[in-house]
Amino acid sequence: MADDLDPTLDLDLVDLSQAPAGQVGEEQAIEVAVDAPGASRTYTYLVPPRLAGIAAGEAVLVEFGRGRQALGVVLGSAEVDPAIAAKPVLARVRADGPLLPPLSLGFARWISQEYLAPPAAVLRSMLPPGMLERLELMAEWLPSDQTETVLAAQPVDAAEEAIRDRLANGPRSVRDLAGDEGRAPLLRRLRGMAARGLVRLEWTLTAAAAGPRYERWLTLSDEGRAVAAGSAPVPAGRLPAGRLGPRQRALLADLAAADAGGLAGAVASERHGPGTATGLIRRGLVAAEVRQRPRRPLEKRRAGRRGTRPEGSDLTAPQQAALAAILTAMRGRDATPLLLEGVTGSGKTAVYAEAIAETIAAGRPALILVPEIALAMPLVDRLRADLDAEIAMLHSGLSEGERADEWRRIRAGGADIVVGTRLALTAPLADVGLIVVDEEHEAAYKSDRTPRLQARDAALALARLAGAAVVLGSATPSVESVGRVRFGAYRHAVLPERPSGAPPRVVVVDLRAELAGGNRGLLSGALHAALAALPAGERAILVMNRRGTASVVLCRDCGHVQRCPECERSLVFHQAGITLRCHHCGTASPLATRCPECRSPRIRYLGGGTQRVEEEVKAAFPDLRVGRLDRDVAEQKGSLQRVLDAFSEGRLDVLVGTSLVAKGLDIPEVTLVGVVSADVALNLPDERAAERTFQLLTQAVGRAGRGDKPGLAIIQTYQPEHPAIRAVESGDAASFYDAELEIRRRFGSPPYGRLIKLTVGLPDHLAAEHEAAAMADRLRHAAVSAAPAGAGIPVAILGPAPAYIARRAGRWRWNVVLRGNRPVELLNPPPGAPWSIDVDPDSLL
C-alpha cells in the first residue's frame with residue numbers, strides 16, 4: 001500500500017457507503033493483486049460503469065477489509081462467485097498506461113503460484129523502486145472548450161478563481177493546493193468543481209524518487225535561423241536593433257550548426273555564459289523547450305573488442321550446429337531448453353551473438369541473463385562490438401534513476417537486447433524471441449528475497465509463455481541440467497574445443513606437503529615460482545573465495561573465538577578500516593585489543609582472505625601491479641568496472657579476487673591462474689558443496705591460455721584426492737556428474753524430485769523449536785490424510801533442525817524441509833509469518 005495514502009482524502013473522493021457491493025449486473029469483474037498486508041492471493045472486484053474500460057496492468061484503488069483502502073494492480077478478467085459479495089473498484093490510478101504488458105502479468109502469475117509468493121510482492125519486484133510507494137490525488141483544470149458553457153452559466157467565485165490560477169501551468173497535487181482552509185474543505189470544493197465539469201481529479205502514481213529527468217533545450221526559431229544566416233536584420237532588444245553581443249552570435253552559430261536537434265541549455269550556458277540565451281529568447285530568435293533526458297548507463301562507455309572468434313572468421317562446426325538448433329527453435333517458437341555445454345573459451349558468446357542477430361532481424365527482442373554484475377559489462381561490450389543494436393541493462397548496481405529509465409525504455413519497446421542479472425528476467429518486455437541464461441549453473445540465479453525464484457528455471461517458464469527459444473550456457477552445467485538432458489527434457493549441444501588457444505596445464509599442489517616443509521604463507525612454492533617467472537605483458541589471476549585478511553580471530557590463551565553477536569558466526573578481520581565484520585549479516589565490530597573472555601592481549605589472526613593474498617603478493621613482488629576484486633570493492637559504485645577495465649587494459653599485472661574473477665573474463669594475456677585455496681566450500685554440510693567446488697575450479701582454470709600463449713593453472717588444496725579436485729585435474733567431468741547424479745537419485749533431490757525449505761525465526765529459542773516441531777507434525781499429518789487409500793503423497797518431511805546459521809538478526813532459526821515430487825501440494829494455503837518459504841532452495845543450510 002502506498003505510504004502517502006491518506007484515508008481522509010480517499011473518503012472525500014469516494015463515498016464507500018454508497019458504493020454497490022456484490023451486484024454483477026453489467027459490471028465487469030476483474031482479478032486484482034492487492035498491495036496490502038495479509039493479501040496473500042488475488043481478489044475479485046467489480047468495475048462500476050463510470051470506470052468502464054480498465055485494462056490489465058493498470059493500477060486501481062480498492063477497498064480491502066473493512067473501510068481500509070489499498071493500491072492494486074489488475075491482472076485480468078475474473079469470474080464472479082454469486083455467493084460472494086464482490087466489492088467495487090473505487091478509482092482508477094493514472095500511471096502512464098498499464099504498468100506492465102500482458103506477458104509480464106502472465107509471468108507474474110506463474111511466479112506467484114510456483115514460488116508461493118504474494119502476487120503483489122511479485123509485481124513490486126517487476127517495477128522500479130518506489131513506483132508503488134507514492135500515490136497522489138492530482139487536480140487538473142479542463143480545457144476551455146470543455147468549460148466555456150459551464151462558466152457562461154455560472155462564473156467561478158473568488159476561491160475557484162484562485163484554484164484556476166494555481167492550475168494554469170498544469171496538474172498539481174491536491175496536497176500542494178491546500179492552503180489555510182485545509183485539505184478537507186478544499187476537497188469538497190474540488191468535488192463540486194469536478195461535478196460541474198471544471199476540473200478533473202485523478203489518483204496518480206508519482207514515483208518521485210525514480211521519475212524521469214528533464215532538461216531545457218534551445219533551438220533556433222525561423223527568424224533566428226535567418227539572422228544566423230545573415231539574411232535578416234536583428235530585432236530590437238536590450239541592445240539597439242541590428243546588434244548582438246559576441247556571445248550571442250557565437251550561441252546562434254552553435255545552434256545553427258546543431259540544426260534542428262538544438263543544444264542542451266546546460267551545454268549552452270557552459271560554452272557561452274548562463275545568461276546569454278535569455279536575450280535571444282526575448283527577441284524571438286531562440287526557442288526554449290523542456291525535454292526528457294534519459295539516464296543511459298552505457299552512454300559514455302565505448303564498445304569493447306570483439307570476442308574469441310576473430311572478425312571475418314567462420315564459426316566452427318560445433319558452433320554452427322548449436323546455432324542451427326537455436327534458430328530452428330526460435331523460428332518454430334519452440335521453448336524446449338537447449339543446454340549449450342562448451343569448455344571455457346570455446347566461443348559460446350559467438351554463438352549467442354549470431355543467434356541474437358537473427359532474433360533481432362526477425363523483429364523480436366532478446367533477453368540475456370548473467371549471474372553477476374561483473375559479468376554484465378564484458379558481455380555488453382562484446383555485443384556492442386559485434387552487433388548494431390539497442391542494448392538496455394538491468395541490475396542492482398544501477399542507480400534508481402538509471403534503472404527506472406532503462407525500465408521505461410524497455411517497456412516502450414526501445415531495446416533490442418536486454419542484458420542483466422536475475423533482475424532483468426522481469427523486464428517489461430511485450431515479447432521476447434530468445435532467452436540466454438549464461439553460466440546457468442551459478443548459485444547467484446537463486447533469489448534470497450521474496451519472491452525467492454530461481455531465475456534459470458523461471459526463464460524456462462517465460463520462454464514457454466512467449467514462445468521463445470531458450471539457451472542455457474555453461475562450461476560446467478548444473479547437475480540438474482545434466483540430468484534433464486539425460487532424461488530427454490533438454491536438448492544438448494557441445495563445444496568441445498577452443499577456437500583459439502589450448503586448454504591450460506593443470507597442476508595440483510598438496511598444501512599438507514607445503515606445511516610439512518615449513519611454508520606458512522598463502523602462496524605455495526609452485527605458485528610463487530610461477531608469479532616470479534611471469535613474463536612482461538602477461539597477466540595472472542589469483543582466486544581466493546573468501547574476503548578479508550583473517551577468517552578467524554581467537555585468543556591464544558583461552559581459545560575464545562570472536563563471534564557475531566547477531567548470528568553467532570565467526571567474525572572476519574578486514575585490514576581496510578581495521579574492523580571485524582560478519583559476512584552473513586553484515587554486522588561490523590571494532591577490533592578488540594584484549595580477549596573479551598579472559599582479557600588477554602594475545603590475539604591471533606588465523607586463515608586468510610583476498611586482502612591477505614593481495615598483501616603477500618605485493619610484499620613478495622613489489623614490481624607487479626596488483627589489484628583486488630571482491631564484494632568489499634564491488635559495493636563501491638563504479639569500483640568493480642574500474643578494476644576490471646584496468647586489468648583488461650593491462651594497467652594491472654595480477655588480479656586477486658573471489659569467485660567474481662573466476663568467470664566471464666576473456667583476456668588472452670592471462671596465462672597464469674592460481675587457486676589459493678580450493679577447500680573453502682568443499683566441506684560444508686551441503687549436498688551441493690562438491691558441485692560448487694568443481695564448477696568454481698573449472699571456471700577459474702579456464703581463464704588461462706585463451707590467446708596464443710600456453711596457460712598454467714595451479715590449484716592449492718589440502719584434499720588433492722577429493723573427486724571434485726581430481727575431476728578438474730583430469731578433465732573427466734562425465735564421471736563426476738555420474739557420481740553426483742547417483743547421490744541425488746538415492747535421496748530424491750533435484751532433478752529426481754523437488755525441495756521446499758520452510759524457515760521459522762523467533763526471538764525465543766524454545767518457541768522457535770516448538771513452532772518448527774508443530775509445523776513438521778502438521779505437514780506429516782497432511783501428507784498421510786491427503787493420500788488416496790493410504791498410499792501417501794510421495795513427499796518426505798525432514799526435520800525440524802536448527803539452521804546452519806542458527807541465529808540471525810536476533811532470531812533463532814529452524815528449518816523444516818519437504819522433499820518429493822510435488823511438495824507444494826502440502827502447502828495450500830502456504831504458511832504466513834513467522835515462516836518464510838523457499839521453493840527449490842540452492843542450499844539446505
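The values are calculated or read from the model by the stated rules, or taken from the named source; none is laboratory data. None of the values given here were measured: they were computed from a predicted structure. Heads up, the Cβs are rebuilt from the backbone with ideal geometry, glycines too, and the neighbour counts pull from every protein chain shown. Areas reflect the complete protein model, heavy atoms only, side chains present, ligands, DNA and RNA absent. Shrake-Rupley method; radii C 1.70, N 1.55, O 1.52, S 1.80 Å.
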Open item on the list: If I filter segment 57-73 for residues that are open to solvent by 40 Å² or more (accessible area, probe 1.4 Å), touching a strand residue (DSSP E or B) at 6+ places or on another chain (Cβ under 7 Å), modelled with pLDDT under 95 and closer than 29 Å to LEU462 by Cβ, do I get at least one hit?
Closed with: no
Task: Test result for MET377, closer than 30 Å to VAL728 by Cα and not in a strand (DSSP E or B) - done: yes
TODO: Read through the list (1) open to solvent by 20 Å² or more (accessible area, probe 1.4 Å); (2) more than 13 Å from ILE373 (Cα to Cα), then give the number of the only condition that GLY627 fails.
DONE: (1)
- [ ] Under 9 Å between Cβ atoms, at least 6 apart or on separate chains: pull out the pairs that start in segment 431-450 with a residue that is without any contact (Cβ under 8 Å) to a residue 40 or more places away in the chain and under 16 Å from ILE373 (Cβ atoms) and end on any residue that is open to solvent by less than 20 Å² (accessible area, probe 1.4 Å) and not small (Gly, Ala, Ser).
- [x] SER447/TYR115; SER447/LEU453; SER447/GLN454
Open item on the list: Checking SER749 against (1) small (Gly, Ala, Ser); (2) at pLDDT 95 or above; (3) open to solvent by less than 20 Å² (accessible area, probe 1.4 Å), only one condition comes out false. Which one?
Closed with: (2)
Task: Subset of segment 384-404 (residues that are among the hydrophobic types (A, V, I, L, M, F, W, C) and either open to solvent by less than 20 Å² (accessible area, probe 1.4 Å) or out of contact with any helix residue (DSSP H, G or I) (no Cβ under 6 Å at 6 or more places or on another chain) (or both)) - done: ALA385, ILE391, ALA392, MET393, LEU394, LEU398, ALA404
Open item on the list: Condition (residue is closer than 30 Å to HIS395 by Cα, at pLDDT below 85 and open to solvent by 60 Å² or more (accessible area, probe 1.4 Å)) applied to segment 160-181: is it met by at least one residue?
Closed with: no
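Results for (1) among the acidic types (Asp, Glu); (2) modelled with pLDDT under 90; (3) open to solvent by 30 Å² or more (accessible area, probe 1.4 Å), shown as yes or no for each residue.
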site	(1), (2), (3)
LEU11	no, yes, yes
VAL14	no, yes, no
VAL32	no, no, no
ASP35	yes, no, no
SER40	no, yes, yes
THR44	no, no, yes
VAL47	no, no, no
ARG50	no, yes, yes
TODO: Examine segment 671-693 for a residue that is without any contact (Cβ under 8 Å) to a residue 40 or more places away in the chain and over 27 Å from ARG754 (Cβ atoms), and state whether such a residue exists.
DONE: no
Open item on the list: For segment 468-540, give me every one of the helices (runs of 4 or more DSSP H) that falls completely inside it and has 2 or more residues that are surrounded by 15 or more Cβ atoms within 10 Å (Cβ to Cβ) and over 33 Å from the mean Cα position of the chain (by Cα).
Closed with: 511-516, 525-532
Open item on the list: For segment 793-834, give me each residue that is among the charged types (D, E, K, R) and crowded, with 16+ Cβ neighbours inside 10 Å.
Closed with: ARG807, ARG808, ARG811, ARG813, ARG819
- [ ] Write out, first by first residue and then by second, each pair whose Cβ atoms fall under 6 Å of each other, whose residues are 6+ apart or on separate chains, and whose first residue, in segment 727-749, is under 19 Å from ALA678 (Cα atoms) while the second is open to solvent by 20 Å² or more (accessible area, probe 1.4 Å) and not in a helix (DSSP H, G or I).
- [x] GLU729/VAL506; GLU729/VAL508
Open item on the list: For segment 296-333, which positions are modelled with pLDDT of 75 or more and either buried (at least 16 other Cβ atoms within 10 Å of the Cβ) or among the aromatic types (Phe, Trp, Tyr) (or both)?
Closed with: LEU315, THR316, PRO318, GLN319, ALA322, LEU323, ALA325, ILE326, LEU327, ALA329, MET330
